[in-house]
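Inspection log for the structure reproduced underneath, given as structure tokens.
The values are calculated or read from the model by the stated rules, or taken from the named source; none is laboratory data. This one's a predicted model, so the numbers in the text were calculated from it and none came from an experiment. Here the Cβ positions follow ideal geometry from the backbone for every residue, glycine too, while neighbour counts run over all protein chains shown.
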């Protein structure tokens, strides 16, 4: 009798394990389809426009940019693209599918991030809790989910840092297979410096908690991995200069407090980040969670990053659970048997391949049908189409515009006054630009217009500088709509204004 009962029980356990292995895949597919269906929310940042244009330039010239060729204020100055591979991928996808291309790429990246995160959490939490955590992480991060290079690097980041944490949880050195991931990350986005920076703190956790007799050996292995990681970051077209280029943006000083994604977290209005942070504090007190000193340092470091710059909230959202997963699971008794040690691995592999094939075919068919009947469009307020048509008719060449409009000018092959590449323009120039467009300093506005021999301005109707130009001699409004206002030089009016001054 025991045999007859044991076989159905064993078969049931095998089926459950195979379904468990497929859950991350199906969760990732669901996330992909959700963001594909609301794809316009990914097309609301003007940086996407210049990212695509630079990718197109790389493809057209078959070379990497080493100097600026897209602005007239920094033309010829040294500049490297730390996100060249993402830019090329966005450009190629846009060339094939229009705006559907970047939407599909970004949605795939979000889906892959969800799948990787759930796979990493599998050994610590059941599927229901993992789904809750990943949903919360997505909601915390959604404001920064945009069709931009950092999104294509996001699943690589989670996989790399998750691999480091997994090694620390095992009290072992990280796998050398993580190095190609880091090299890929370095070609996709300049944020790879975070991966290098966290090798030390995560390695300290592994060394802190391992057997005393193994500490020296393990420390040497982590140190060797760290050296190899620095070398892996340089496997890009720019070589060693990749490290310098990626770190350049961190030297923008005061400017980082003026760009929305680099601003500190704002608790003046309710947010999912605030909800998560308060919930985490409450849960830690309620459960009496105990962490090792290195994990405390790591968690506080991630929290400090999120509080300092809003763009780091998604890093905290996806990394904090991985830092806390093992201690929570050990203290709550939710540790799970690793899938790799379960029986019937061959059957499970077959099921996974079948599931992957099913998801791929279904996802492709759904994407094709949806894209055919749902043309994606970029946020109109970032694309002053009619206004730029007027400027081209007037043959304006040196246009003073807002930074968001700079991305659109680049997409029209018009050299910009400024765009989203703050590291190119530098702290002083961008601060002067902000002072000018906000009319904080009218003299700065006039100096910029004269210094750079501006033909015309392209500003939004609500900007203070737009209203100031209506009352400045030598400038006249020639076009306005809901998106943009154009002023051009009026030498006749300037001369009439200057005549009385000369008589004095």
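For residue 348, are the conditions met, namely being touching a helix residue (DSSP H, G or I) at 6+ places or on another chain (Cβ under 9 Å), assigned to a loop (DSSP other than H, G, I, E, B) and at pLDDT below 85? It is false that residue 348 is touching a helix residue (DSSP H, G or I) at 6+ places or on another chain (Cβ under 9 Å), assigned to a loop (DSSP other than H, G, I, E, B) and at pLDDT below 85.
Of 110, 104, all but one fail to be over 24 Å from residue 165 (Cβ atoms), in the same structural domain as residue 317 (by TED's automatic domain parsing) and assigned to a helix (DSSP H, G or I); the exception is 104. Of everything in region 122-162 that is surrounded by 21 or more Cβ atoms within 10 Å (Cβ to Cβ) and free of Cβ contacts under 8 Å to residues at least 40 places away in the same chain, the residue that is farthest from residue 299 (Cα to Cα) is 156. How many residues does region 466-481 contain that are touching a helix residue (DSSP H, G or I) at 6+ places or on another chain (Cβ under 7 Å) and outside any strand (DSSP E or B)? Qualifying residue count for the region: 4.
Restricting region 450-482 to residues that are in contact (Cβ under 8 Å) with a residue 40 or more places away in the chain and touching a strand residue (DSSP E or B) at 6+ places or on another chain (Cβ under 6 Å), the residue that is surrounded by the fewest Cβ atoms within 10 Å (Cβ to Cβ) is 478. In region 276-290, of all residues being surrounded by 12 or more Cβ atoms within 10 Å (Cβ to Cβ) and touching a residue at least 40 places away in the same chain (Cβ under 8 Å), the one that is farthest from the chain's Cα centre (by Cα) corresponds to 289.
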